[in-house]
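The structure appears below as structure tokens.
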């Protein structure tokens, strides 16, 4: 994309660019640098010790486990939503689209609270499950549910508009040529949306790994059992173990940076998929 | 643009795909939210009203509302500056700046929270010089505002960028050739075109700020009546086993989110219509 010929005087341009640099330095670069400075304040050995202690390792494993469940669930849901809402028009479609966006707007604390209400010991469902030895709240299933909730829209949001704009011509041609549903879907539709799907998965993964508020409500903060990595960061910080907190935070920051890199790379390809 | 109608279509799989979509939506999103509403409605309206009008709840709601509004306005103005510079000008480091905009979106909120608190604490890199100027930031409403501006930036910038890129610069030349000064052109030609996406971005930032917990809870200091935001008060009530109070306040937040979502839909429709 070529830049439009600037229409402002050079001095104005330089001033605006300078202000933009200053704003980004103040709001984004300095905080990013601070994470790593604090994480390595006592050297690489202390960082390594902090990220390899048993509680940190357990938190990391739990975080990865939760993401490994939530992300495929939401990718599958996103593909179904993309097919139903992207390739077809039907009454109520806009309402469904709005409802899919709801988790974006709902406070993470509210998201966590609804699962405590639905699955807590005092609820019908929670009581029944507990009677059968299944704990949801203050246990791993609750953390998974809360994470699936907050990341619910990520893949669907990328796929629905794209699949809508690509239309149905190619799929119809495949059908006319004798392909069944799964052949059509796997050989025509999926290759057409693969970059957007990956893009949605990256955003979904970043959020699943980093979710704090909703998970904080349902987890019960049991160390070595229901603490995810963000909760581990909070626990250490609240105990004034700042270096340990920032060491764990630096791992999460690396995930965020990787997601940003992947996003920059994928958005270029995803742009090519739009007709 | 062509989209298949439901019946009769050459494309199969509508039923199962819609079934999976609605089942997932209902199980994961709608049913849990319905439980919240049902729990709220089970009590008497008087008890609900009493729970959401205690001085502490009113103070928390007012603080959350006003700070999110102010922070959304600042984010939107910063977003306008950053969007403009990133789209209109070419300079070394532009791609790098552009990629950085997503940081608040990608960074886990707890990490943002502890980092901003450390930076703006009275002994922090930014907090120390500001404290000497007599401006305490961490553990004050201003600190909460800083966290919310940080959080809102990607929403406002990313909403404005595509619109800025799609503006036809020829129109500005036409205005200029008809004798408009650059400022007049900006005010009378550019700003009206940008208004819908400016407001959309600000509303997104506002909605996100209203419910935000992780990046605010550390820097706010959490003093009741002073720096206690509404989502944190829900959490506090929950930890004190005040389920009725937590549920009532959460319901207020949920209704606010839903209204904001409807407002966003209207704004997006307005933006799609070219702001008319």
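Considering each of A:49, A:39, A:105 in turn, give the residue that is buried (at least 20 other Cβ atoms within 10 Å of the Cβ) and farther than 22 Å from residue B:208 by Cβ. Testing whether each residue is buried (at least 20 other Cβ atoms within 10 Å of the Cβ) and farther than 22 Å from residue B:208 by Cβ leaves just A:39. Looking across B:148, B:164, B:82, one residue alone is within 11 Å of chain A (Cβ to nearest Cβ) and either surrounded by 22 or more Cβ atoms within 10 Å (Cβ to Cβ) or assigned to a loop (DSSP other than H, G, I, E, B) (or both). It is B:82.
Just the residues that are in contact (Cβ under 8 Å) with a residue 40 or more places away in the chain and either touching a strand residue (DSSP E or B) at 6+ places or on another chain (Cβ under 8 Å) or more than 8 Å from every other protein chain (Cβ to nearest Cβ) (or both), please, taken from the range B:114-134. Scanning the range B:114-134 gives B:117, B:120. Screening the range A:22-100 for helices (runs of 4 or more DSSP H) wholly inside it with 1 or more residues that are at the interface with chain B (Cβ under 7 Å from one of its Cβ atoms) returns the ranges A:30-39, A:54-81. Restricting A:97, A:113 to residues that are in contact (Cβ under 8 Å) with a residue 12 or more places away in the chain, out of contact with any strand residue (DSSP E or B) (no Cβ under 7 Å at 6 or more places or on another chain), under 24 Å from residue B:258 (Cβ atoms) and surrounded by fewer than 20 Cβ atoms within 10 Å (Cβ to Cβ) narrows the list to A:97. Selection of the range B:223-243 for residues being away from chain A (no Cβ under 11 Å) and in contact with a helix residue (DSSP H, G or I) (Cβ under 6 Å, 6 or more places away or on another chain) yields B:224, B:225, B:227, B:228.
The set of residues in the range A:154-192 that are crowded, with 24+ Cβ neighbours inside 10 Å and away from every other protein chain (no Cβ under 12 Å) contains only A:158.
Is the range B:255-272 home to any residue that is within 10 Å of chain A (Cβ to nearest Cβ), crowded, with 18+ Cβ neighbours inside 10 Å, under 18 Å from residue B:39 (Cβ atoms) and modelled with pLDDT of 90 or more? The answer is yes, given that some residue of the range B:255-272 is within 10 Å of chain A (Cβ to nearest Cβ), crowded, with 18+ Cβ neighbours inside 10 Å, under 18 Å from residue B:39 (Cβ atoms) and modelled with pLDDT of 90 or more. Here B:185, B:140, B:156 are screened, and the one residue that is touching a residue at least 60 places away in the same chain (Cβ under 8 Å) and surrounded by fewer than 20 Cβ atoms within 10 Å (Cβ to Cβ) is B:140. Return yes when residue A:118 is at pLDDT 90 or above, assigned to a helix (DSSP H, G or I) and at the interface with chain B (Cβ under 8 Å from one of its Cβ atoms) and no when it is not. So residue A:118 fits the description; yes. In the range A:2-16, the residue that is modelled with the lowest pLDDT out of those that are more than 7 Å from every other protein chain (Cβ to nearest Cβ) and within 37 Å of the chain's Cα centre (by Cα) is A:2. For beta carbons closer than 7 Å, sequence separation of 6+ or different chains, a first residue in the range A:148-170 that is more than 19 Å from residue A:271 (Cβ to Cβ) and a second that is at pLDDT below 95 and outside any helix (DSSP H, G or I), the qualifying pairs are A:168/A:87; A:168/B:2; A:168/B:3; A:168/B:4; A:168/B:11; A:169/B:2. Listed by first and then second residue, the pairs linking a residue in the range B:13-39 that is on the phi < 0 side of the Ramachandran plot to a residue that is surrounded by fewer than 18 Cβ atoms within 10 Å (Cβ to Cβ) and not in a helix (DSSP H, G or I), with Cβ atoms under 7 Å apart and 6 or more places separating them unless they lie on different chains, are B:14/B:6. Annotation: residue B:155 fulfils all but one of (1) within 11 Å of another protein chain (Cβ to nearest Cβ); (2) outside any helix (DSSP H, G or I); the unmet one is (2).
Go through the residues of the range B:38-60 one by one and say whether even a single one is within 30 Å of residue A:90 (Cα to Cα) and modelled with pLDDT under 95. Yes: one or more hits.
Per this entry, residue B:170 is not counted among residues that are touching a helix residue (DSSP H, G or I) at 6+ places or on another chain (Cβ under 8 Å), free of Cβ contacts under 8 Å to residues at least 24 places away in the same chain and assigned to a helix (DSSP H, G or I).
Selection of the range B:225-247 for residues being buried (at least 24 other Cβ atoms within 10 Å of the Cβ) and over 22 Å from the mean Cα position of the chain (by Cα) yields B:246, B:247. Here residue A:124 fulfils each of the conditions (1) closer than 13 Å to residue B:32 by Cβ; (2) without any contact (Cβ under 8 Å) to a residue 60 or more places away in the chain apart from (1).
The values are calculated or read from the model by the stated rules, or taken from the named source; none is laboratory data. Since the model is a prediction, treat every value here as computed from it, not as a measurement. Reconstructed Cβ throughout: ideal geometry from the backbone, glycine too, with neighbour counts over all protein chains shown.
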